[in-house]
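Visitor: Encoded as C-alpha cells, here's the structure I'll be asking about.
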C-alpha cells in the first residue's frame, strides 16, 4: 500500500490524503476537508465548504493518479441536523461530478474534526494502470 502525501494541500494534517491498494488500481482518500493551504477552515456556508472539499478532493485524486471521473463511491458528511444543509452540500458535490454519478452516502453528523468545519467528503476511486506496468488486462 502507498499512502499519498500531497505537497499542494495543507501539510499539517495527521493523515495521508489518499492511499493506493496493490496492485495500484484502487485509491482510498481521507476525508477531504474545507481547509485552505494554511490549514485554516474555509469560512462560509455549507456550499462554500463543500466547494473547497471538492477542490481538495480533486487535488488528492490527481496526486494518486486518478480523477473525479474514476470515483467509485463517495461519502459526504455534513455537520448539521437541517436537511436543507445536506441538500446544499449535495448540490455542490453533484455539480463537481457532472454526469459521473458514482454511488454516494450523504449524512448529517454531530461534529467534524476542525474548528468551524461543516463538510467532509471521502472517496474510493479506480486508477487506470497502463498495460506497460505489467497488467495483462484492466478489470
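Visitor: Report yes if residue 82 is within 24 Å of residue 128 (Cα to Cα) and either surrounded by 15 or more Cβ atoms within 10 Å (Cβ to Cβ) or modelled with pLDDT of 95 or more (or both), otherwise no.
Guide: It is false that residue 82 is within 24 Å of residue 128 (Cα to Cα) and either surrounded by 15 or more Cβ atoms within 10 Å (Cβ to Cβ) or modelled with pLDDT of 95 or more (or both).
Visitor: Mind listing whichever residues of the range 115-130 are part of a loop (DSSP other than H, G, I, E, B), modelled with pLDDT of 95 or more and under 18 Å from the mean Cα position of the chain (by Cα)?
Guide: Selection gives 117, 118.
Visitor: So in the range 70-87, with the set limited to residues that are in contact with a strand residue (DSSP E or B) (Cβ under 9 Å, 6 or more places away or on another chain) and part of a helix (DSSP H, G or I), which one is farthest from residue 112 (Cα to Cα)?
Guide: Per the criteria, the residue is 70.
Visitor: What are the residues in the range 22-41 that are in contact with a strand residue (DSSP E or B) (Cβ under 7 Å, 6 or more places away or on another chain) and either surrounded by fewer than 19 Cβ atoms within 10 Å (Cβ to Cβ) or not in a loop (DSSP other than H, G, I, E, B) (or both), if any?
Guide: 25, 26, 27, 28, 29, 32, 35, 41
Visitor: If I filter the range 97-112 down to residues being modelled with pLDDT of 95 or more and assigned to a loop (DSSP other than H, G, I, E, B), which single residue comes out as surrounded by the most Cβ atoms within 10 Å (Cβ to Cβ)?
Guide: 112
Visitor: Now, a different point. Scanning for something surrounded by fewer than 17 Cβ atoms within 10 Å (Cβ to Cβ) and farther than 17 Å from residue 128 by Cα, does the range 62-76 turn up at least one residue?
Guide: For the range 62-76, residues surrounded by fewer than 17 Cβ atoms within 10 Å (Cβ to Cβ) and farther than 17 Å from residue 128 by Cα: present.
Visitor: Of all residues in the range 11-21 being assigned to a loop (DSSP other than H, G, I, E, B) and under 14 Å from the mean Cα position of the chain (by Cα), which is surrounded by the most Cβ atoms within 10 Å (Cβ to Cβ)?
Guide: The initial filter retains those residues of the range 11-21 that are assigned to a loop (DSSP other than H, G, I, E, B), namely 11-17.
Now drop any that are not under 14 Å from the mean Cα position of the chain (by Cα), which leaves 15-17.
On the way: 15: 12, 16: 18, 17: 25.
Restricting to residues being assigned to a loop (DSSP other than H, G, I, E, B) and under 14 Å from the mean Cα position of the chain (by Cα), the top hit is 17.
Visitor: Do we find that residue 51 is over 13 Å from the mean Cα position of the chain (by Cα) and not in a loop (DSSP other than H, G, I, E, B) in this structure?
Guide: No; evaluated as a whole, the condition is false for this residue.
The values are calculated or read from the model by the stated rules, or taken from the named source; none is laboratory data. Computed from a predicted structure; not experimentally measured. Backbone-built Cβ (ideal geometry, glycine too); neighbour counts: all protein chains shown.
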